[in-house]
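Peer 1: I'd like to ask you about the structure that follows.
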């Protein structure tokens, strides 16, 4: 883990401890630090920016309700992403999902893993990623796009770090094979 990541984790822990004590400035710091990455993560579940925003609000409501269950100095990020994942999965299970289709220019830009950028253009890679099974998409999103360690990914998904690493490796392999089949990789 780099120095910047360690400092960020310490900052999030400090925000969470302050928030547990009722400091709303710390809540605002936590929200500001996590809003965009959580929105990107939620978007991978629902593929709709408006629904992702709604789920972000629900996520922070659940964080507020569960804030006293966080135990410092454990990392905040896996704890919050686990809550976020739960909110997204409950939404998907509820059947409240609307079948709206957004035009391509309305879709938010979701980054592509650096290992894959050299393989094909962004549109092709996004299509390939969206065709992967949900567990593979989640591992790639959390590790390659959000920069979490496989230990953190495992904590969020409730699996061993080694399992998360294997899922990521297999998902990247599937994408590479599909790209080769389409002539996208030399």
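For every residue, the table says whether it meets (1) closer than 30 Å to residue 94 by Cβ; (2) surrounded by fewer than 19 Cβ atoms within 10 Å (Cβ to Cβ); (3) modelled with pLDDT of 95 or more.
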residue	(1), (2), (3)
4	no, yes, no
19	yes, no, yes
28	yes, yes, yes
34	yes, no, yes
41	yes, no, no
59	yes, no, yes
69	yes, yes, yes
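Peer 1: With the requirement that a residue be over 30 Å from residue 75 (Cα atoms) and in contact with a helix residue (DSSP H, G or I) (Cβ under 6 Å, 6 or more places away or on another chain), what does the range 142-183 give you?
Peer 2: 175, 178
Peer 1: When you look at residue 23, is it buried (at least 18 other Cβ atoms within 10 Å of the Cβ) and outside the structural domain of residue 154 (by TED's automatic domain parsing), yes or no?
Peer 2: Here the answer is no, as residue 23 does not meet what is asked.
Peer 1: Let me ask another. Going by what's in this entry, would residue 103 be described as over 13 Å from the mean Cα position of the chain (by Cα) and at pLDDT 95 or above?
Peer 2: No.
For (1) in a loop (DSSP other than H, G, I, E, B); (2) in contact (Cβ under 8 Å) with a residue 60 or more places away in the chain, each residue gets a yes or a no:
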position	(1), (2)
135	no, no
141	no, yes
159	yes, no
163	no, no
167	no, no
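The values are calculated or read from the model by the stated rules, or taken from the named source; none is laboratory data. The shown structure was predicted, so the numbers you read here are calculated from the model rather than taken from an experiment. All Cβ positions, even for glycine, are placed from backbone atoms using ideal geometry, and neighbour counts span all protein chains on display.
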